[in-house]
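Q: Provided herewith is a single structure, encoded as structure tokens, for subsequent inquiry.
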Amino acid sequence: MTSTATVAPPHTPSTTPRARFSSRISTNRFGLLLVAPVVLLTVVIVIYPVAYSLWISLTSSNPITGRSRFVGLENYATALGSGEFWRTLTLTLFYVVCVTVMGTVVALGSALLLREKFLGRRVLMALIVLPWALSTYAAAVVFRYVYSPQFGFSAAVSERLGLDPSNILAQGSVIPALALVHAWQFAPLGAYFLLATLQMIPEDLYKLAKVDGVRLMGRFRYVTLPYIRLPMAIFLVLIGGQAATAFDLIYFLTSGGPGGSSRTLSFFIYEETFQNQRLGSGAAMSWILLVVVVALTVGYYKVALRVGNRDMKEET
Amino acid sequence: MSIRRKVVVHVAAVVLAAWTLIPLVWVAIVSITPPNEFASRPLRFWPKVPDLTNYPRLLGREATSPSGKVLEPSGHSSLIVHGLINSAEVAVVVTAISLIVCVPAAYALARLNLRWREAGLLTIIATRALPPIATTIPFFALFSSLGLSGTRTGLVITHLTITVPLLVWIGTSFFASLPAGLERMARVDGCSRFRAVTKVVVPASGPSITAMAVIAFLTSWNEFTFALIFNTGSTAQTFPPALASMFFQVSVPTEVAAATCLGLLPPLLLAAVFQRYIRRVNFVGIQ
Amino acid sequence: MELTRRSFVKRMSFAALAAGVGGPVLAACAGPDKGAAAGGAVLKAPASGTGTMNMRIWGAYPEFVKERAREFTDSYGTKVDLGVVAGDYPSIIQTQLRQNQKLDLFYGLGHLPKGWNTAGWLHDYERFWNKDKAEAEMLPVVRDALTIDGKLIGLPYFAFVNGALFANKQVLATAGLDSWPTTYDELYAQVRKVKKSGASDTPYLPSFWSAPYYGIPFGFVQEAMNRGMPMFGAGGKPEFDENSGGVVDMLGQWRDLYSENLVPKGVLTFQESDWIETFAAGGIAYSPQLQYDLRTFNDPAKSKSAGQFVAVPQQGQKWGMMHMGIYLTGNNGQSDEDLAQAYSMAEYFGYRDRKSGEFVVPTKWAAENNLTQGYAEVNNSPTVEKAVRAWLPDADEQWPILKDYMADPQYAKGLYHTDWALEWVSEASRQLPQAVNGDADIKKVVRTLREKAEKLIEEYGE
């Protein structure tokens, strides 16, 4: 892929000499020109379908009889009034927390490690991208071979240790087990995010802190953390949003089971929309999920930015 | 570095390598395990006689097993091969369109003092947080009236709903991290605004744009939900649903493992080539 | 590459156009806008093959089907676009039917066509030229299952017993057991004996699995029917409840099996393939399975105890119930000519080859894959018997047992012939595991399942 060939904004009129045209118009206009394709595309393939699903969420239809009627907010009321909905939402939040905590720990750990000098550092740096490069579905397949009590790697290890292979995808442990796969897959991205920033921290800061007698944890808190707060925020938003809408992993590894123990909201929506073909209530629940995710994302993002800016100010 | 620190760092490196690699290596081992050795008790970490036949069989060839038996091609070979080809085609088109659309927009959002920059960015972040499942319902209706179900074009459109917001967002942070005044210097040298972008900014963002391309490619290559719902069973089926179709009741686990490994190869090669670019990219530009 | 940027841009602009006039265009797809496939005169078998027929199947032996499709094209001229559907087959096909996609021939299971026919998505086979002859040759239970609202809905793809009880002789010999169980109570007592003897740690593999198709709801219905418990009456009216023992006690036994660790770990999150592979790996005494998989279990390439797997005879009580694959034809408003081409293909796959007059494809399925068919003539043919005896352990004893399974099987018609069977089965697949692993009170689960059926009857009956 040659990068030069791909950046020409398709909307630049060819009749006007480019040089003059792009310089003559105001910055705002020039910017708009560049943004226009994305806006157009977003309106057609994102905003319009989403608005349409808002309309669907106000209707109730039976897939077989085809009877469809406008029900107003009934689908929302039904969802919010059902215990199952709240159960799946709680599971979703639990899953998001597990994924972000595990993902952040691994990503930060990897980044801190990769900043150090050690044998094989370059090789390891290249290797850690592997999980991120495979599809969530493939990752799920991979972990089927790790988790299975019949033929899994975990079972093989337990046998060697003289233990009875345990069922990792059982009621009590299924959510953390799924979250682990998710974290395994997405931590590398975070590691790269964080590493790029960590490498910008001047070594002198650490030396100074050491001279001042600041201990390891203190150095992390006062030197490292202010720098990585922002990339960390970006990573958390990315992985958190991912986790909240996760589907492939659950679909393949547990189908929401055993007995609903891993039925997160997004899987519940899948069941309602596709298995039961209740588009109305599926759409209503999607909208609730959307609002929750967007609120959390935007809220978190704003907080992170404010904290980030404050730290920057404190520094200067 | 003190000796203690050195030891700790090396131990940590081994742990990280193990965490990353063990699941993948295990699947690779399963893929070369002869079916009759699979899941034998006690479980073995390495097959007695490694058997590579699954790979040629999945690619549609006959193969001779270690015991000298000639094995037929796998019944899923054409699905897997077509799936890989379709995935590659869709991913390339998605990557190209995403870059064409997103690079200028990200540049504008990052470096021009636009009026509703903040609002635009937040909208983009919001749409990025859309659960894919939420957009499938309207796409159903849309696609049936346009005849796009079961086509690569349809899949490209659905994939763009994910890649476009993501790339604009990531791209904005890339461009924002470039030194201020880059364009001004070029403008002073007599470049038009547009030329300043193509001649100065774009070359300076080579690694970032490469990283964006890789992210777009992998996102499309790995996408499962839309591919399953809209394209399974059609000639435009991509790799993930093709892999899923192997999980029927007569699946052969070692064969599935080999198919999984095959699907990993293209993105792994890509990732291996480009990981240094991704690493060089600065992600902290958004302010 | 079919997808050029130009064609993409073109389609994109259509999409933009549709966005403008979206409302009315899309409203047209909201529900079935065509009545049930209209009747008409019986069609004539087409003289020559025209066009391309879309065929959709699930992932069973795709290469086998491809080969047969090629033979059909060579012989009749009709081209076949064959696609293998992954994942939730019923939901995906239902989605495609709902989108009015061209599905000329596709697989269905017994509980699916009733609702799809009500929705007007199917063409029945009343206009198929050999309808009467084919019906006359079908096993009675198959004919009855395929007759929906008095019309023949499709042709049989396979027919066998789901939940046929298989035993691993090796494990039973180690445990010192020498008599077959005749009821579920005896079966579960034997299972506990096997565990006690140390011959197996997890001696029983029930169909508790749940993805991507469903095992547990079918396991539930068939065991209840085998035990003579009332399940679904006319119109799908639920005849079980949470107060009269029956299925509550049965689920209580299931929970015991689970909590006493008599069943393999993780069985509730098994996929169908795990269910089969785990039994084939050996070490399990009994398992209700798909009858045709006896071949898989005795195939040394797929099984570690090949030659040890046998079917348990039915002595009084039945094991399992009839399970049926069906060739169906979608209704997308096609012409009579296209419909005749679809029938022609269905005839080749699910009945006789018009040219030779023989059961070509059905016999191949039965002989090569032990996939028994909806026609006695196929199942009892010397070709099939010879092929089966070649791998069947204790063939002289087992062959009659397998025939007995097919002789007069039970069938969950009360449930299957409702418009809402798919929805109830999906719900049951979520509820039943909770009864098994103790997440929910058994009575509550049974009540939920009964109320679900009642609610669906009310909604669909409106």
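Q: Out of A:L253, A:L279, which single residue is touching a helix residue (DSSP H, G or I) at 6+ places or on another chain (Cβ under 7 Å), buried (at least 24 other Cβ atoms within 10 Å of the Cβ) and more than 10 Å from chain B (Cβ to nearest Cβ)? I'd like the intermediate steps shown before the answer.
A: Values: A:L279 fails: more than 10 Å from chain B (Cβ to nearest Cβ).
The conditions single out A:L253.
Q: Here's another thing I want to ask about it. Mind checking which residues of segment C:74-133 are within 13 Å of chain B (Cβ to nearest Cβ), part of a helix (DSSP H, G or I) and either of a type in the set (S, T, Y) or more than 15 Å from the chain's Cα centre (by Cα) (or both)?
A: C:Y89, C:S91, C:I92, C:Q94, C:T95, C:Q96, C:L97, C:R98
Q: When you go through C:K443, C:K403, C:K386 one by one, which is the residue that is touching a helix residue (DSSP H, G or I) at 6+ places or on another chain (Cβ under 7 Å), more than 14 Å from chain A (Cβ to nearest Cβ) and assigned to a helix (DSSP H, G or I)?
A: Values: C:K403 fails: touching a helix residue (DSSP H, G or I) at 6+ places or on another chain (Cβ under 7 Å); C:K386 fails: touching a helix residue (DSSP H, G or I) at 6+ places or on another chain (Cβ under 7 Å).
After ruling out the rest, the residue left standing is C:K443.
Q: Which residues, taken from segment A:117-153, are hydroxyl-bearing (S, T, Y) and not in a loop (DSSP other than H, G, I, E, B)? First the steps, then the outcome.
A: Of all residues in segment A:117-153, those hydroxyl-bearing (S, T, Y) come to A:135-137, A:145, A:147-148.
A:T136, A:Y137, A:Y145, A:Y147, listed by residue number.
Q: Based on this model, can you work out whether B:P50 counts as touching a strand residue (DSSP E or B) at 6+ places or on another chain (Cβ under 6 Å) and either surrounded by 23 or more Cβ atoms within 10 Å (Cβ to Cβ) or more than 14 Å from chain C (Cβ to nearest Cβ) (or both)? Lay out the reasoning, then the answer.
A: Values: touching a strand residue (DSSP E or B) at 6+ places or on another chain (Cβ under 6 Å): no; either surrounded by 23 or more Cβ atoms within 10 Å (Cβ to Cβ) or more than 14 Å from chain C (Cβ to nearest Cβ) (or both): yes.
Spelling it out, it is not the case that B:P50 is touching a strand residue (DSSP E or B) at 6+ places or on another chain (Cβ under 6 Å) and either surrounded by 23 or more Cβ atoms within 10 Å (Cβ to Cβ) or more than 14 Å from chain C (Cβ to nearest Cβ) (or both).
Q: Continuing with this model, one more query. Just wondering, is there one or more residues in segment B:96-112 that are more than 30 Å from A:V298 (Cβ to Cβ), within 11 Å of another protein chain (Cβ to nearest Cβ), assigned to a helix (DSSP H, G or I) and touching a residue at least 24 places away in the same chain (Cβ under 8 Å)?
A: Initially, segment B:96-112 is screened for residues more than 30 Å from A:V298 (Cβ to Cβ), giving B:96.
With within 11 Å of another protein chain (Cβ to nearest Cβ) added as a condition, the list becomes B:96.
Within this subset, residues satisfying the condition of being assigned to a helix (DSSP H, G or I) are B:96.
In the following step, the residues that additionally are touching a residue at least 24 places away in the same chain (Cβ under 8 Å) were identified as none.
The answer is no, given that none of the residues of segment B:96-112 is more than 30 Å from A:V298 (Cβ to Cβ), within 11 Å of another protein chain (Cβ to nearest Cβ), assigned to a helix (DSSP H, G or I) and touching a residue at least 24 places away in the same chain (Cβ under 8 Å).
Q: Give B:L166, B:L148 a once-over and let me know the one that is more than 7 Å from chain A (Cβ to nearest Cβ), modelled with pLDDT under 90 and either touching a Leu at 6+ places or on another chain (Cβ under 8 Å) or outside any helix (DSSP H, G or I) (or both). Break it down stepwise before answering.
A: Values: B:L166 fails: either touching a Leu at 6+ places or on another chain (Cβ under 8 Å) or outside any helix (DSSP H, G or I) (or both).
None of the others qualify; the one that does is B:L148.
Q: Could you say whether any residue in segment B:64-84 is modelled with pLDDT of 85 or more, more than 30 Å from B:L155 (Cβ to Cβ) and in contact with a strand residue (DSSP E or B) (Cβ under 7 Å, 6 or more places away or on another chain)?
A: No, every residue in segment B:64-84 fails to be modelled with pLDDT of 85 or more, more than 30 Å from B:L155 (Cβ to Cβ) and in contact with a strand residue (DSSP E or B) (Cβ under 7 Å, 6 or more places away or on another chain).
Q: Let me ask something else. Cβ contacts < 7 Å: first residue on the phi > 0 side of the Ramachandran plot, restricted to segment C:349-373; second residue among the aromatic types (F, W, Y), any location; separation 6+ or different chain. Result?
A: From residues that are on the phi > 0 side of the Ramachandran plot, the pairs are C:N370/C:Y292.
Q: Taking segment B:109-118, which residues are more than 15 Å from B:P179 (Cα to Cα) and either buried (at least 24 other Cβ atoms within 10 Å of the Cβ) or touching a Phe, Trp or Tyr at 6+ places or on another chain (Cβ under 9 Å) (or both)?
A: Of segment B:109-118, the ones more than 15 Å from B:P179 (Cα to Cα) are B:109, B:113-118.
Correct list: B:L109 only.
Q: Among the residues of segment B:15-24, is there at least one that is crowded, with 17+ Cβ neighbours inside 10 Å, within 17 Å of B:A257 (Cβ to Cβ) and within 14 Å of chain C (Cβ to nearest Cβ)?
A: Among the residues of segment B:15-24, not one is crowded, with 17+ Cβ neighbours inside 10 Å, within 17 Å of B:A257 (Cβ to Cβ) and within 14 Å of chain C (Cβ to nearest Cβ), which makes the answer no.
Q: Shifting gears a bit: Any chance segment A:88-104 includes a residue that's at pLDDT below 90 and surrounded by 21 or more Cβ atoms within 10 Å (Cβ to Cβ)?
A: No: zero hits.
Q: Give me the residue from segment B:169-185 that is small (G, A, S) and touching a residue at least 12 places away in the same chain (Cβ under 8 Å) and, out of that set, nearest to the other protein chains (Cβ to nearest Cβ).
A: This residue is B:S173.
Q: Which ones in segment B:225-236 are closer than 24 Å to B:L265 by Cα and facing chain A (nearest Cβ under 10 Å)?
A: B:T225, B:A227, B:L228
Q: Can I ask one more? Counting only residues that are without any contact (Cβ under 8 Å) to a residue 40 or more places away in the chain and in a helix (DSSP H, G or I), how many does segment C:333-348 have? Break it down stepwise before answering.
A: Of segment C:333-348, the ones without any contact (Cβ under 8 Å) to a residue 40 or more places away in the chain are C:335.
Those still in the list that are in a helix (DSSP H, G or I) too: none.
Adding up the residues that qualify gives 0.
Q: Follow-up. Would you check which residues across segment A:25-38 are over 23 Å from the mean Cα position of the chain (by Cα) and either facing chain B (nearest Cβ under 7 Å) or in a helix (DSSP H, G or I) (or both) and list them?
A: We begin by selecting, within segment A:25-38, every residue over 23 Å from the mean Cα position of the chain (by Cα); these are A:25-37.
Those that are over 23 Å from the mean Cα position of the chain (by Cα) and either facing chain B (nearest Cβ under 7 Å) or in a helix (DSSP H, G or I) (or both): A:T27, A:N28, A:R29, A:F30, A:G31, A:L32, A:L33, A:L34, A:V35, A:A36, A:P37.
Q: Further question on the same structure: Could you tell me how many of the residues in segment C:101-119 are out of contact with any strand residue (DSSP E or B) (no Cβ under 6 Å at 6 or more places or on another chain) and either among the hydrophobic types (A, V, I, L, M, F, W, C) or on the phi > 0 side of the Ramachandran plot (or both)?
A: Looking only at that region, the number is 3.
Q: Residue by residue through segment B:52-61, note down the ones that are at pLDDT 85 or above and either in the same structural domain as B:L243 (by TED's automatic domain parsing) or not aromatic (F, W, Y) (or both). Can you show your working first?
A: If we filter segment B:52-61 for residues that are at pLDDT 85 or above, which is where we start, we get B:52-59.
The answer is B:L52, B:T53, B:N54, B:P56, B:R57, B:L58, B:L59.
Q: With on the phi > 0 side of the Ramachandran plot and touching a His at 6+ places or on another chain (Cβ under 8 Å) as the only criterion, which of C:G236, C:G282 stands out?
A: Numbers: C:G282 fails: touching a His at 6+ places or on another chain (Cβ under 8 Å).
Just one listed residue meets the conditions, C:G236.
Q: Continuing with the same structure: Would it be correct to say that C:F270 is aromatic (F, W, Y), modelled with pLDDT of 95 or more and either surrounded by 23 or more Cβ atoms within 10 Å (Cβ to Cβ) or in contact with a Leu (Cβ under 6 Å, 6 or more places away or on another chain) (or both)?
A: no
Q: Can you confirm whether segment A:50-70 contains a residue that is assigned to a helix (DSSP H, G or I), crowded, with 22+ Cβ neighbours inside 10 Å, among the β-branched types (V, I, T) and more than 25 Å from the chain's Cα centre (by Cα)?
A: Yes, some residue in segment A:50-70 is assigned to a helix (DSSP H, G or I), crowded, with 22+ Cβ neighbours inside 10 Å, among the β-branched types (V, I, T) and more than 25 Å from the chain's Cα centre (by Cα).
So that you can scan it fast, the table gives a plain yes or no per residue for (1) closer than 22 Å to C:I276 by Cβ; (2) β-branched (V, I, T); (3) buried (at least 24 other Cβ atoms within 10 Å of the Cβ); (4) without any contact (Cβ under 8 Å) to a residue 40 or more places away in the chain:
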{"site": "C:D149", "(1), (2), (3), (4)": "no, no, no, yes"}
{"site": "C:I153", "(1), (2), (3), (4)": "no, yes, yes, no"}
{"site": "C:Y157", "(1), (2), (3), (4)": "yes, no, yes, no"}
{"site": "C:S179", "(1), (2), (3), (4)": "no, no, no, yes"}
{"site": "C:A189", "(1), (2), (3), (4)": "no, no, no, yes"}
{"site": "C:S197", "(1), (2), (3), (4)": "no, no, no, yes"}
{"site": "C:S200", "(1), (2), (3), (4)": "yes, no, no, no"}
{"site": "C:S207", "(1), (2), (3), (4)": "yes, no, yes, no"}
{"site": "C:S210", "(1), (2), (3), (4)": "yes, no, yes, no"}
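Q: Also, I was wondering about something else. Is it true that some residue in segment C:257-266 is part of a helix (DSSP H, G or I), within 14 Å of chain A (Cβ to nearest Cβ), at negative phi and not charged (D, E, K, R)? Quick ask: steps written out before the conclusion?
A: Going through segment C:257-266, the residues part of a helix (DSSP H, G or I) turn out to be C:257-259.
Narrowing the set further to residues that are within 14 Å of chain A (Cβ to nearest Cβ) leaves C:258-259.
Adding the requirement that they be at negative phi leaves C:258-259.
Next, from what is left, pick out any that are not charged (D, E, K, R): C:258-259.
Within segment C:257-266 (the criterion being part of a helix (DSSP H, G or I), within 14 Å of chain A (Cβ to nearest Cβ), at negative phi and not charged (D, E, K, R)), the answer is yes, since at least one residue qualifies.
Q: Also, quick follow-up: Kindly indicate whether A:L178 is surrounded by fewer than 23 Cβ atoms within 10 Å (Cβ to Cβ) and either in contact with a Phe, Trp or Tyr (Cβ under 9 Å, 6 or more places away or on another chain) or farther than 30 Å from A:S281 by Cα (or both). Give the derivation first.
A: Values: surrounded by fewer than 23 Cβ atoms within 10 Å (Cβ to Cβ): no; either in contact with a Phe, Trp or Tyr (Cβ under 9 Å, 6 or more places away or on another chain) or farther than 30 Å from A:S281 by Cα (or both): yes.
Spelling it out, it is not the case that A:L178 is surrounded by fewer than 23 Cβ atoms within 10 Å (Cβ to Cβ) and either in contact with a Phe, Trp or Tyr (Cβ under 9 Å, 6 or more places away or on another chain) or farther than 30 Å from A:S281 by Cα (or both).
Q: Looking only at residues in segment B:186-224 that are β-branched (V, I, T) and crowded, with 24+ Cβ neighbours inside 10 Å, which one is nearest to the other protein chains (Cβ to nearest Cβ)?
A: Filtering segment B:186-224 for residues β-branched (V, I, T) gives B:188, B:197-198, B:200-202, B:209-210, B:214-215, B:219.
Among the residues that remain, those that are also crowded, with 24+ Cβ neighbours inside 10 Å are: B:197, B:209.
Details: B:V197: 7, B:I209: 5 Å.
Filtering segment B:186-224 for residues that are β-branched (V, I, T) and crowded, with 24+ Cβ neighbours inside 10 Å, the one nearest to the other protein chains (Cβ to nearest Cβ) comes out as B:I209.
Yes/no per residue for (1) surrounded by fewer than 24 Cβ atoms within 10 Å (Cβ to Cβ); (2) more than 7 Å from every other protein chain (Cβ to nearest Cβ):
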{"site": "A:V106", "(1), (2)": "yes, yes"}
{"site": "A:L113", "(1), (2)": "yes, no"}
{"site": "A:F118", "(1), (2)": "yes, no"}
{"site": "A:S135", "(1), (2)": "no, no"}
{"site": "A:R144", "(1), (2)": "no, yes"}
{"site": "A:A155", "(1), (2)": "no, no"}
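The values are calculated or read from the model by the stated rules, or taken from the named source; none is laboratory data. Bear in mind that the values here come from a model prediction, so they are computed numbers and not experimental data. In this analysis, Cβ positions are derived from the backbone assuming ideal geometry, glycine residues included, and neighbour counts consider all displayed protein chains.
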